[in-house]
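Have a look at the structure below, then the notes.
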Amino acid sequence: MKKTSIFLIITGIIFTACFKPEVAPPLEFNGEANMTIAELQELHTLGGGDPTLIDTNAIITGLVISTDQFGSSYKELYIQDETGGICLRVANTAYFNKYRIGQRIFVKAKDLYLGNYISVSASGLARYGFYQLGLFGNTEGGLEFISTNAEGRHIFRSGIPEAPPMPKIITSTTDIDEKIGGDYHTLVRLENCYFVSANGTRKYFEPSGSLTTISQDVGFNNGTGTVQARISKYCTFANDILPKGTVNITGILSMYVSPPYSPHQLIICSINDVVVLPPEKILQNIDMNTTNPFNTGWTNEPVTGANWTYTQGNVSVRPDGQETECRFVSPKLNFSGEKNVVISFNYRLPNGGTTNNAQVKYTIDGTKWDPLQFSPQTGATTEAVLKLDDNIAANPNLQIAFQYKTTEIFPIWIINRITFKANVL
Amino acid sequence: MKQVLLFFSLFLFLFGYTYSQIDTQQEIKSDTTAVQDTQEDIASSFGSISEGQTDDEGGDTFIPSLLHSSRDVYQSNSSYNFSVAYFRNRGYDNQYQDICLNGFMMNSMITGRASFSQWGGLNHVVRWPEQIIDMNSATFIFGNVGGATNYDLRASGYRKQMRATYSISNRTYMNRFMFTAASGVMKGGWSVVGSASTRFGDAIAYAPGTSYTGFSAFIGAEKKFDEEHALNLTAFVSPTQRGMQAGSVQEAYDLVGSNYYNPNWGWYEGKKRNARVRTTFEPVILLTHYFTPKNNKYTITTTLASTFGRNSSTGLNWYDVPDPRPDYYKNLPSYYKDSLNLYEAWTEAWNSDDKMFQIDWYKMYEVNQTAKNYTDSLGNSYPLRAQYMVENRVIDHFELGGASNLVMDINKNIKLSAGVDIRGLKQHNYKTINDLLGGAYWLDVDKFSEGAQPEDLSVEYNDLNNKDVKLNEGDVFGYDYNFLIYSQKAWAMLNFTYPKIDFHAGGQLGASEMWRVGFMRNGRFANDSEGKSKTKSFFEGGAKAGITYKATGRNYLVLNSEFVTSAPSILNAFLAPRIRNTYISDLKTEKIASVDLSYIMNYPFMKMRASLYFTQFFDLTKVVSYYHDDYGTMVNDAITGMNQRHLGIELGTEIKLSSMFWLILAGNVGDYRYSNSPTVYTNAENGYDMLDVGELDVKQTVYWKNFFVAGSPQIAGTLGLKFNHNYWWVNINANYFDRIFCTVNPDRRTSNARGTLDIDNNPADAELYHQIADQARIKGQFTLDLSVSKSWRIKRYTIGFNINVANITNNKKLVTTAWEAYRFDYRELNIEKYPNKNFYAFGTTFFAGFNFTFN
C-alpha cells in the first residue's frame, strides 16, 4: 500500500514535469533572394530623375547595419550584402526592436520604387544621395515611407541576428575611393581621425537656425581630408560634448553629391560607435646622453668577436674586421595592459651590410628569439619604429635585443636612443 | 480501509462538504424542499452573477451547474461549492454537457451551450432533474462526455401545492419573489401548474453600475387521456434586463482601489448609466406526448419544441474620435510612463476625477453636438454627424424541433433506449442604432477600412446598397445576416444488467448543415457578403460503452468510454460572419475520445467515488477578431485542428462522524492542456493581402502545445462539515482553488511574435521571450462558506428558510477569469502595453430565502 501511494505520487510529479510548454521557432523567410543589392541598384540611375518602379519579382537580402534606437537613422533602415548597401525608407518609427543590427532581412522589391535622395535649393543647386527603396514620392528629400501595413508585404526577417558585417577600415579619404568605390550605405570605420570642431565645449549638435540635422567634420590625422558626420537634433547624444583627440568612428558611409562640398557623409548610429583613443604614452625612454643602459638592466650577450659597449651618447658594436656576433639585450619589460606598443630608436649604420647583420629580436621565454620587422637603413642617423603585437607586449617576460652578426668587415652599428611608447597608431 | 488510505495519500489538501441526500432524503422527504431551495437558489444567484460579468473580449460565459438531486457523491459535493471560482467539471466547456427539457435538447445550436437564464427565476418548477454524470448511459439522450441532464416539466409531476418564496441577497439582485401553484392530477386527468417570479433591486454592492431586472412566467398543463396517452404543454419565458460588468486591467483596479471596478458605466443626469445593457426575451414552448402501453413494456416520449425571441446587448460605437472607454490603454497613466510629469498628472486625475475612470457621457454628447458637418459627394453639407453613439447588437432566433425517445425493457437484463432528434434554427444577427447621443444621424462606414485601400473607396462601406444614407435611431447598420442550421440525429443504447456486471453500449448517427445568408453587400467583400453562402454539411456520430463490476453490494468498479464527433460551432466556421460568406480554411468535424475509471464505495459510514479520467479533443476550431498592430488592421484569426487533453483525478467522500455530523471531502486535480500546435489562418478584415502572398490568409503555426487550457481552476477542493438534525441543515465548507491560468492569445505563440529573439544565446532575449510567451498562472485562493436551513411542518404548511453566506473571509483576490489581450505590441514587444484582463469573485455575499408551502 505504501509503495503504491509513493508510486502514484512520484508518477504524478514526473507526468506533470514531462509536458513542457512548446517554444516557437524564430521567423524564417520562405524563399530566397534572386538578386544582389548591386544588381538591384543597376535598375536606376542616380540623379534627379523619377524613381524607378520595380515591377519584377526582385528579392534582395542583407544584414541590418543601422539602428534608430538612439535617434539616428530615423525611418531609414540600412541593409548590406557582399555587393553593397541600400536604404529602406520605412514609416516604422522604432524599428530597432524588430530589425536589430545583424538581422538578416529579405526585401520583396516588387511594387516598391528605387530612387535616391534629391534636394534642389532655391538657386537650383541639386544634391543627390545614394540608393533608397520606398514608395513613390518625395518626402523630406527622399521617397515616401513604406507604411506599416505595406511593411509586412515587403520586408521579412529571417533567423537569429548574426554578427554585422566587418566595417571597412578607412584611414584617409583616398581609402574611400580605393576601398569603398561605389559601395555606399555600407559599414565603415574611420580610424585615426578627429572631430575638427572639438574644443572641449562644442556639442555633437550645435543649433543652426531651424536645421534639425547638421554636419560635423571629421578629419584624418594624416591630413588627407574630411568626412561629414551627420548629426540629428533628436539623437540621444546630440548634447554630448564632441570628444577631443584621436577617435575611431564606425558608421554608415553615404554620399551627398553637391560640389564643392565633400561628397562623403557618415551616419553615426550610436555614441558607442565613437571610440576615443588614449593619447600616446611613453613607457620607457633611454637617452644615451644621460643614461648608461648597462646600468639599468640592459646587458651584452657576446658570442664571438666584438661586444656592445656604451659611450656617452650611444651604445655601439664595432666589428673591426673580426667575426662578430652579439646581442644588446633589455631587461624584462612588463607592458601589461598597454595597447599599440612600439619600440622607437635612433640608430646609424654606415653604408654596407644587409639586414641579416642588424636585427631587432624579441623573446618571451628567454631562449627563443624571434625577429621583429626591421629594415635597417644605412647612412645618416635614422629613427626606426617597430610595432609590438599586443599579446607580445603584454607578456611580463618580454625582452628585446639588438642583434649584430657578421663574418665580414662591417661598419659600426650605433644606437643613441631607445623609447617604448603605447597607444601609437 | 486500505482504499481510503490510498486516496488520502493523494489528496492531503482537498476539502469538501456535501448535502448528503441519500439516506436522509429517504427519511425526511418533505425537508428536501428546503435543501433543494438552498442549493438551487444559491447556485442560480451565482449563475446570474456570472452572466452579468460576461464581456465579449474576455473568456466564455460561465453557467454554473445547477445543483441537481444527484446521488453522485462527488458531483453533489462539488458543483455548488466550486461554482464561485467558475469551476468546470473536468475542465470541459459547457457545450459538452447536454441539457434537456422533457427530453428536448436545449443546448444552443449556435454556441452549443445551454442558457440557464432562459428559465431563470423558475426554480420552483425547473428542478430535480435526472442527471447523468459524465459518460454514464442515459435513457433520454445519447449524452456527451460532460454528462446529460433532463428536467421533467410534466405538469402531473408536481404535487398539489401552493408555494411562495421571498429571497433577499446582495449578489445579482436584491429581491426575488416566486409564487407557484400546482393542481396535482385532478379529475378528468388534467394537471395544471403555474409559476411566476420577479427579481429586482440593484444589489451588486461589489460591481457598481450593474443592474438586474427579471420576470419569469411558467405555465404547464397536462391531459391524461387514458392509461397510455398523455399530452403536456409547457410554456415559459424569463425576460431579463441586466447592466453588465466588464473585466479590466489590474492597473485600473489598483488606481480605483477595487477589484470590482466596472468601466461600463458613467454618471448621466444623476443616474448611473451603463453602456452595456443586455436584454433577453426568449420564450420556450414544449408540447410533449407520453405513451406507455398497458403492458408497461416501454415508454415513448415525444416532444415538439420551439424557442424563439430576442437577445440584444448595447454597446458604444465611435468614429474618428478618441476611444471613450476609460480603461482603454491610451486612457491609463501607464501609457505616459515615459514622461514622469504626464504619468503623475494622469494618475492624479484617476485618483480624483471619476470622469477619468467612468464613461463621460456628457463629453460624448458635447462632441456630437459640436461635430463637424458631413459633406457628401454632391457637395451638400449636413451638420451634427454623430461621432459617438450607442448601438444595439441584436440576435433574433427561431428554433423548431422535435425529439422522441423510446425506453424499453427487452427482458429482465436488457434495456433499450433509443431516440431521434431533429432541430432547425434560423438566427437573425444585426445591429441597430440605439441612441445617437445628441447627434443628428449616423453614417455607416467601417473606421478600420478608411484609407486602407485608397484605390478602392468602396471598402469603407458596410452596405454598398445604402451608401451615404443618414441613419437614425432604430435603423439597421453595420451587419445584417442570418445563420441557418439543421441537425438530425438518431441514437440507441443498450443497457445490460447482470448479477456481477452491468454494461452498456450504444451509438449515434447524425448530420448537420449550416449556412449563412447575408443581407448587406459589404464593401470589403462585395462579391462574398450578400446572399446565401455555400452549405457545409457535417457527419456526426458517436459510440459509447461502459462496464460496471459489482465486486460487492458496496464496492463498484466502473469503466466508461465514449467517442463522439460533432460539427463545429457556426461561430467558428465562418471567418468573419458579420461581413462575408467565407468559411475558414480546413474546417473539420470535431472529435472527442474519452475514458474514465471509477471506484465507488457505499457504506453506511462512508461513501466515496474516486475517478481517473482522460479526454482527448481533436480538431477543435476557434475564431477570434482583434486589431493587429503589425499589419495595422482588424484581423480574424481562425485556429483549426486544435487538440486538447484533459486528464485528472476526482474524489468525493462523505464520512459519517455521528448520526448528525458528516465530514465531506471533494476535489479535483486536473491537467488540461493543448496537446498539439494547430494552424492559425490570419485574415485581414479589410480584405488586404497583408503579406503579398497571393492569397488572403497568412498561415502560421500556434506553438502552444502543453500550454494550459484556461477557463476553470484545475485544482479545486472542498472540506466541510455537515450537520443535519431535526430538519436543521448546517453546512460549513472550506474551499481551495488553484492552477488557475490565463487564457492565452494564440498570436503570442507564433514565430511572428517571437520574431528573431535569440533565446539560446542572449539572456535578455530569453527573458523577453518568456515575458511574451509564458502563460500567467493566478495564485490559488481559499474561501469559506456557510449555509443554514430549517423547515417546519405545521399541519398542511411547510415553512422554511435558508441562508447562505459565501466567502465569509471576504477574500477579494480570487480571480475567476483571466485572459490575455488579443492585441499585441509587435513594435516594442511590450506585453504591458495591452495587459491581461480579469474578473474577481465577489467578497462576502449572502443569500437568504424564506419559503412558504401549503398543500
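Just so it is clear, none of the values below were taken in a lab; they were calculated from the coordinates. These numbers were taken from a predicted model, which means no experiment stands behind them. Here the Cβ is made from the backbone with ideal geometry for all residues, glycine too, and neighbour counts use every protein chain on show.
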- prompt: To one decimal place, what Kirkwood hydrodynamic radius in Å is obtained for the protein assembly as shown from all pairs of distinct Cα atoms?
  reply: 37.0
query: Stokes-Einstein D for chain A at 10 °C, 1.306 mPa s, Kirkwood Rh over Cα pairs, in µm²/s?
result: 60
query: How much length is gained on full extension from B:Tyr603 to B:His428, taking 0.36 nm per residue of separation minus their Cα-Cα distance?
result: 57.6 nm
- request: Neighbouring Cβ atoms within 10 Å as the yardstick, rank B:Ser381, B:Ser585, B:Ser195 fewest first.
  value: B:Ser381, B:Ser585, B:Ser195
field: Along chain A, longest interval not containing exposed chymotrypsin sites (Phe, Trp or Tyr not before Pro), exposed being DSSP loop plus at most 14 other Cβ atoms within 10 Å
entry: A:1-233
- prompt: Which number comes out as Rg/Rh for the stretch B:177-266 once both Rg and the Kirkwood Rh are worked out on C-alpha atoms?
  reply: 1.32
message: Regarding the stretch B:388-482, what's the average projected area of the Cα-atom convex hull, expressed in nm²?
response: 10.7
- request: Report the full-extension gain for the segment B:Asn761 to B:Trp728: residue separation times 0.36 nm, less the Cα-Cα distance, to one decimal in nm.
  value: 5.2 nm
- prompt: Going by alpha carbons, how many degrees (0 to 90, nearest 10) lie between the helix axis of A:2-18 and the longest principal axis of chain A?
  reply: 90
- prompt: For chain A, what does -39500 (n - 2.57) per DSSP helix run (n ≥ 4), summed and divided by total residues, give at 222 nm, in deg cm²/dmol to the nearest 500?
  reply: -2000 deg cm²/dmol
- prompt: Mind checking the mean number of beta-carbon atoms from other chains within 10 Å of the Cβ atoms in B:338-347?
  reply: 0
Net charge of neighbours whose Cβ lies under 15 Å from the Cβ of B:Lys779, counting Lys and Arg as +1 and Asp and Glu as -1: +3
- request: Let me know the Kirkwood hydrodynamic radius for the stretch A:37-158, please, with Cα pairs as the basis and the value in Å to one decimal.
  value: 14.4
query: Charges only on Cβ, +1 for Lys and Arg, -1 for Asp and Glu: so what's the dipole of the stretch B:337-473 about the Cα centre, in debye to the nearest 20?
result: 700
- line: With +1 on the Cβ of every Lys and Arg and -1 on the Cβ of every Asp and Glu, the dipole magnitude of the protein assembly as shown about its Cα centre, in debye rounded to the nearest 20, is 5440
query: Mind listing which GluC sites (Glu not before Pro) in the stretch B:746-855 are in a DSSP loop and have 14 or fewer other Cβ atoms within 10 Å?
result: B:Glu828, B:Glu832
field: Residues whose placed amide H lies under 5 Å from that of B:Ser675, excluding near-sequence neighbours
entry: B:Asn643, B:Gln644, B:Arg645, B:Asn706
message: What FRET efficiency comes out for B:Phe308 versus B:Phe496 if R0 is 56 angstrom and r is the Cβ-Cβ distance? Round to the nearest 0.05.
response: 0.85
statement: Checking rank on A:387-393, B:434-440, with mean other Cβ inside 10 Å and highest first, the result is B:434-440, A:387-393
statement: Taking a straight Cα-to-Cα line shorter than 21 Å from B:Lys550, and setting aside same-chain lysines fewer than 8 residues away, one finds B:Lys2, B:Lys412, B:Lys415, B:Lys500, B:Lys607
statement: Most exposed to least, judged by fewest other Cβ atoms within 10 Å, B:Arg554, B:Arg516 sort to B:Arg554, B:Arg516
message: To make sure I understand, if each residue's beta carbon is the centre and we count other beta carbons within 10 Å, what order do B:Ser108, A:Ser66 fall in, fewest to most?
response: B:Ser108, A:Ser66
- prompt: Distances over 35 Å make up what percent of all Cα-Cα pairs in the stretch B:2-854?
  reply: 52
field: Cα-Cα separations in the stretch A:281-422 greater than 26 Å, expressed as whole percent
entry: 17
statement: Per its Cα gyration tensor (rounded if a/c is under 1.5, else prolate when a/b beats b/c, else oblate), the stretch A:168-276 is best filed as prolate
Shielding of B:753-766 by partner chains, average beta-carbon count, 10 Å: 4
- request: Quick one: dipole size for chain A, taken about the Cα centre, charges +1 on Lys/Arg Cβ and -1 on Asp/Glu Cβ, in debye to the nearest 20.
  value: 1240
statement: With 0.36 nm assigned to each residue of separation and the Cα-Cα distance removed, A:Asn346 to A:Asn334 gains 2.1 nm
message: Sort A:263-271, A:42-50 by the packing proxy (mean of other Cβ within 10 Å over each peptide's residues), most packed first.
response: A:263-271, A:42-50
message: Just to check I understand the Karplus step: with θ = phi - 60° and J = 6.51 cos²θ - 1.76 cosθ + 1.60, what whole-Hz values come out for the stretch A:185-201, glycine and proline as x?
response: 6, 10, 7, 9, 10, 7, 10, 6, 10, 7, 7, 4, 8, 5, 9, x, 10
message: From Cα pairs below 8 angstrom and at least 6 apart in sequence, can you work out the relative contact order of chain A, rounded to a whole percent?
response: 12
field: Rh by Kirkwood over Cα pairs, then Stokes-Einstein D for the stretch B:624-679 at 1.567 mPa s and 4 °C, µm²/s
entry: 82
- prompt: Per the helix-only calculation at 222 nm, which mean residue ellipticity applies to chain B, given -39500 (n - 2.57) for every DSSP H run of n ≥ 4 and division by its residues, nearest 500 deg cm²/dmol?
  reply: -3000 deg cm²/dmol
- prompt: In nanometres, what is the gap between the two model label sites at A:Thr290 and B:Thr370, each 7 Å from Cα along Cα-to-Cβ?
  reply: 8.4
message: Testing the spin-label approximation: label points 7 Å from Cα along Cα→Cβ at B:Lys271 and A:Leu425. State their distance in nm.
response: 7.9
field: Residue-averaged beta-carbon neighbours from other chains (10 angstrom radius) around A:21-33
entry: 6
